[in-house]
Amino acid sequence: MDTRSRAARRLRRAWKVAQIVLLYTALVSVALVTTGPFLWLLSTSLKTVGNVYAFPPQIIPRPVSLDNMIGVWRLLELQKYLLNTIHITAVGLFLTLVVSALAAYPLARMEFPGRNLIFLALVSTLVLPNPAGMIINFLTLQKLRLINTLPAVYLPSIGNAFGIFLLRQTYLSIPAEMEDAARVDGAGELAIWWRVVLPLAKPGIATLAIMNFMGHWNNFLWPLIVLQDPDKYPIATALQYLEGMFQDNFRFVAAGTMFSMVPVLVVFFSMQRYFVSGLAGALKG
Amino acid sequence: MRGRLKLAAVLAAMCLVFALMAGGGEAARETRLEFWTISLQPMFNDYINGIIKDYEKANPGVKIVWKDLPIGVITTKLTAAIAGGIAPDVVNLNTGMAVSLAERRSLVNIGKEFPQYKDVYFEGLWNSARFEDGIYAFPWYVVTHVMMYNKAIFEKAGLDPASPPITWEEITECAKQIKAKTGLYGFMPHVNFVADLIELGVPLTSEDKTRATFNTPDAVAKLQWYQDLMKNDIIPRETLQAGYAGALDRYQAGQLGMIVTGPQFISRIKTNAPDVYKNTMIAPYPLSKGKVVGAPLMNLVVPKASKNWSEAAKFAAHVTGDEAQLAFCKLVTILPSTKKAAEDPFFTQTDGTIESIARKIAASQLKHAVESDLTLRHSLDLLDALTVQVEAAFYGEKTPKEALDQAVAEWNKILQRKD
Amino acid sequence: MALGAASATSGSASRVTLARPPRKRRLSHTQVRRWVTAYAFLLPALVLMAVFTFYPIIMGMVIMFYDYTVFEPMEFVGFANFSRAFADQDFHKSVLHSVEYIVVVPVLQILSILVAVLVNRSLPGITFFRTAYYIPVVTSTVAVAISWKWLYNSNGILNYALTSLGLIERPLYWLTSKELALPSVMMVTMWKGIGWYMVIYLAGLQSVPKELEEAAAIDGASRWRVIRHVTIPLLKPYVLFATFMSVMGALQVFDEVFVMTGGGPLKSTLTMAVYQYYKAFGAFDFGYAAAIGMLMALMILVFNIPVFRMLAKGGLKYY
């Protein structure tokens, strides 16, 4: 009896260990697939000797060197581009969040004429094409005298249907009782939105922030069109200088790409915690 | 209902406001010329800024503003700038882009407005950006082809690295031997059948450009050659699709015996594949019957929308002039498009490095250089029609003769089109 | 991810069909004030979108009836751009490839759900794994192109691995053969998409009440019941939402194709969006490009009809 229960316990423990091993094996193998190309770029950026195209490929760099990182930083003077990128991303992201959070509120909570029309218009932006959009927006910004300014880079993408829909969805999942209570107390809609709704919508906002961040950060074509002065370029645009007939250092390309990617990963890593815990918290509350 | 109307009114008003806000031009006190180049920054900052400084000194009242752009976006940015009425004055484009803009009547006809420059450049290159009866660009720097080969692979295959193949027949034999002895591919051509036809001296169309004429025995033989190479697995099956980049990747990996390429790629091999660089040697690119070689060319164009197009052309002529081009060629393995610059002893001497050998070999073929892009009306459609047939012959679905006859028939239809 | 950042993403279109019209039309002072408030909240978004989104779209709908090259004066051509599309072999090819691309949708959604289930637990290091899975999403298109082209190279690591394992005898030409190029690009789309949809499904899974999950973890028999009666119904709207976006993304696919194959080899990966881009910025044929775009929009609607139907039937409560 005693031995049998011990055996059973041992079996259960072994099963549990096996489960965890299996789980981690699965987690690691998926991670290898998703990060493989990134790891190769990282490894290439840390190599200084040998053939980039070696067959069979060399995975672990030997010796590890930061020369490419330093070299590409100095060649392109990346610090100024990094500052531009941070500016564009920070302001662009902030405005996207504010504008979407405002617009989503009446769509989630109020009945008003024109609502369906607005919905239709928002959805249509996801589907309808605008092949000449780049040219037309360029002309508009020119008329607004915004060409060659950083706002020209982020303004066109601030109002977007996705952000509004995502936050509307979040608002809908928040019980309306608290708002009604605040309304009874005589609070205005703006105050309710700011004090009651927004704090509860944090997970949705975090999700939108994560998803929107990289759009601003990695955008390279549009800045090139609207900025005339290369000193205003974001880093993704500046890295284009590494590709060309006379630019032949593949390791620099890899190193430069690392500079553009790592900040995004750091942001996701830190926001991700908040996003998940915030989401769980909101759902409990 | 009323809200809906209100919204519509607001939207309409906003559209109207933006439609009415007219963009103002800038008043120019001095002649300000905007100069766009492709991917020269930051490597050639000193060189370009030097040219600009000299030019501004020699031409008081002219101010040059230089902007460098990546190749992938230059036409997009140019389109936006022209639409916005802030067109640049001098723009670096490759021939294909230049001709497609010329087709849209958006470039200054250099041949008509500035015929005095004609004799400065090699004839074949001056005629590159030809569309109908106009010449729409100043030829700038150019690269002709050389053949690079991997000495180590030659030795492994029992070939003598000191006597590389110099005719297409010899290249074919070498490629066969390398494949048989080492298992590696010996050769991977970059297939551009229009260039092949031009190099063979096969006329693409009749004089009046109403009929295609390229189904000649020479053309059939060339296509047959490709078909045999494919059938016998002498060249990789991906040859037709992988193009330039694919062949270069394979060569850099040390997996290819010979490659035809521009000499400027040597420095790329040196940086990325030092082991292969050490084993690389250069041989001339074999001339075919037509005694011409296709050469990718960079041009400077002047958009019609330029406010100072006459001044702009003068500056473009300066940048593409003898002196400036010679200085440029000393910085990187490219060749000049002007006759006088090419006569400089710099292009006939070598210092023993493969870069200088490549430069010498490539420069010796400059007089044969022509642009190999199609510059006929509907060139994209013509190219498609030919490519489909060449592909069919490559994979043995048709005999070369059938394929070319079919391509000629398709071309005749397109050439007759009036739109 | 240039300007079209928003296009990869979307809310639920379904709401259009489902939002109820206001029931009573009696005007009162408070009602009007509420309307004004509503529009005040919407104002910044509407103004920005009017200028930078709606206006270009409206212009696009105008120029599809014109011959418009930017450089020359516009010329009205009626439906000529559309009749041209119907006769254009390359356009047919691009439609076919875009439709084939929808194959990505079911595979991607199933994989994403599995991955979301995998990371929906508190284990040491789970944050790290979630980040790792999200890496492809935040990787810039340029970096994706560089690394995947190397992976797919005939001398690249994928061929190396497969030949070493003895699975293939000679290297496969992933991006340079007509047969494999499209599936190879699809793989990249899936690789990029998993992290994105994982986040969506994770949000869905997190809405399963913790108590039920805990109960299920203790009692094996109730686990299935929880999955069946709680998890699946809760996930359903997320699945429909993700499917809608995924179908749209597949039909509009541009980035991966453009940077990896440019539509080649021999047009075997030419998709509608890539073709449209070439017509616009290669041939300066903006009128025709706009017409192609409109046909693309119509196809997105047609292919999403089943999704809309299912939304109307099942997901109604949530949307």
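The values are calculated or read from the model by the stated rules, or taken from the named source; none is laboratory data. Every value quoted in this text rests on a predicted model; they were computed, and no experiment measured them. We place every Cβ from the backbone using ideal geometry, glycine too, and count neighbours over all the protein chains shown. For the accessible areas, the whole protein counts, side chains as well, though only heavy atoms, and no ligand, DNA or RNA atoms are used. Shrake-Rupley method; radii C 1.70, N 1.55, O 1.52, S 1.80 Å.
Per-structure values
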item	result
Flag for A:Trp15 being at pLDDT 85 or above, open to solvent by 50 Å² or more (accessible area, probe 1.4 Å) and among the aromatic types (Phe, Trp, Tyr)	yes
Residue match in segment A:31-52 (condition: away from chain C (no Cβ under 12 Å) and part of a helix (DSSP H, G or I))	no
Verdict on A:Glu111 being over 25 Å from the mean Cα position of the chain (by Cα) and open to solvent by less than 40 Å² (accessible area, probe 1.4 Å)	no
Residue among C:Tyr134, C:Tyr160 that is within 7 Å of another protein chain (Cβ to nearest Cβ), surrounded by fewer than 18 Cβ atoms within 10 Å (Cβ to Cβ) and not hydrophobic (A, V, I, L, M, F, W, C)	C:Tyr160
Residue list for segment A:171-217, filter: open to solvent by less than 40 Å² (accessible area, probe 1.4 Å), over 30 Å from A:Ser260 (Cβ atoms), part of a helix (DSSP H, G or I) and of a type outside the set (D, E, K, R)	A:Tyr171, A:Ala182, A:Ala191, A:Ile192, A:Trp193, A:Val196, A:Val197, A:Leu198
Residue match in segment A:237-255 (condition: at pLDDT 75 or above, away from chain B (no Cβ under 14 Å) and assigned to a helix (DSSP H, G or I))	no
Residue count for segment B:286-304, restricted to those that are touching a Ser or Thr at 6+ places or on another chain (Cβ under 7 Å) and either assigned to a loop (DSSP other than H, G, I, E, B) or on the phi > 0 side of the Ramachandran plot (or both)	3
Residue satisfying all of: in segment B:214-237; assigned to a loop (DSSP other than H, G, I, E, B) and open to solvent by 10 Å² or more (accessible area, probe 1.4 Å); nearest to the other protein chains (Cβ to nearest Cβ) among these	B:Arg237
Residue within segment A:75-90 that is part of a loop (DSSP other than H, G, I, E, B), more than 12 Å from every other protein chain (Cβ to nearest Cβ) and either open to solvent by less than 20 Å² (accessible area, probe 1.4 Å) or of a type in the set (Phe, Trp, Tyr) (or both) present	no
Condition check for B:Thr261: in contact with a His (Cβ under 9 Å, 6 or more places away or on another chain), within 14 Å of chain C (Cβ to nearest Cβ) and β-branched (Val, Ile, Thr)	no
Residue check, B:Ala317 part of a helix (DSSP H, G or I), in contact with a Leu (Cβ under 7 Å, 6 or more places away or on another chain) and either open to solvent by less than 20 Å² (accessible area, probe 1.4 Å) or touching a residue at least 40 places away in the same chain (Cβ under 8 Å) (or both)	no
Failed condition for C:Phe54, given (1) within 13 Å of chain A (Cβ to nearest Cβ); (2) modelled with pLDDT under 90	(2)
Matching helices (runs of 4 or more DSSP H) fully within segment C:51-160 where at least 2 residues are closer than 30 Å to A:Gln240 by Cα and among the small types (Gly, Ala, Ser)	C:89-100, C:141-152
Considering residues of segment C:184-195 that are farther than 15 Å from C:Val259 by Cα and open to solvent by 20 Å² or more (accessible area, probe 1.4 Å) only, the residue farthest from the other protein chains (Cβ to nearest Cβ)	C:Met190
Residues located in segment B:129-174, provided they are in contact with an Asp or Glu (Cβ under 8 Å, 6 or more places away or on another chain) and either within 19 Å of B:Leu366 (Cα to Cα) or without any contact (Cβ under 8 Å) to a residue 12 or more places away in the chain (or both)	B:Ala129
Residues (open to solvent by less than 40 Å² (accessible area, probe 1.4 Å) and aliphatic (A, V, I, L, M)) located in segment C:71-88	C:Ala85
Which listed residue, of A:Gly114, A:Gly159, is in contact with a Leu (Cβ under 6 Å, 6 or more places away or on another chain), without any contact (Cβ under 8 Å) to a residue 12 or more places away in the chain and within 7 Å of another protein chain (Cβ to nearest Cβ)	A:Gly114
Any hit, segment C:168-188, residues being within 23 Å of the chain's Cα centre (by Cα), β-branched (Val, Ile, Thr) and in the same structural domain as C:Trp150 (by TED's automatic domain parsing)	yes
Residues of segment A:119-154 satisfying the condition of being open to solvent by 30 Å² or more (accessible area, probe 1.4 Å), more than 26 Å from C:Gly287 (Cα to Cα) and at the interface with another protein chain (Cβ under 7 Å from one of its Cβ atoms)	none
Which listed residue is under 30 Å from B:Thr239 (Cα atoms), of a type outside the set (Ser, Thr, Tyr) and either in a helix (DSSP H, G or I) or within 11 Å of chain A (Cβ to nearest Cβ) (or both), from C:Val257, C:Val226, C:Val230, C:Val253	C:Val257
Complete set of residues in segment C:167-207 that are of a type in the set (Gly, Ala, Ser) and touching a Ser or Thr at 6+ places or on another chain (Cβ under 6 Å)	C:Ala181
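Yes/no matrix, rows are residues, columns are (1) in contact with a Phe, Trp or Tyr (Cβ under 7 Å, 6 or more places away or on another chain); (2) basic (Lys, Arg); (3) at positive phi; (4) open to solvent by 20 Å² or more (accessible area, probe 1.4 Å):
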| site | (1), (2), (3), (4) |
| --- | --- |
| B:Val73 | no, no, no, no |
| B:Ala87 | no, no, no, no |
| B:Val120 | no, no, no, yes |
| B:Val143 | no, no, no, no |
| B:Pro164 | yes, no, no, yes |
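Matching residues to (1) in a helix (DSSP H, G or I); (2) at positive phi; (3) in contact with a helix residue (DSSP H, G or I) (Cβ under 6 Å, 6 or more places away or on another chain); (4) surrounded by 16 or more Cβ atoms within 10 Å (Cβ to Cβ):
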residue: C:Gly166; (1), (2), (3), (4): no, yes, no, no
residue: C:Pro171; (1), (2), (3), (4): no, no, yes, yes
residue: C:Thr176; (1), (2), (3), (4): no, no, yes, yes
residue: C:Ala181; (1), (2), (3), (4): yes, no, no, yes
residue: C:Tyr201; (1), (2), (3), (4): yes, no, yes, yes
residue: C:Ser222; (1), (2), (3), (4): yes, no, yes, no
residue: C:Phe244; (1), (2), (3), (4): yes, no, yes, yes
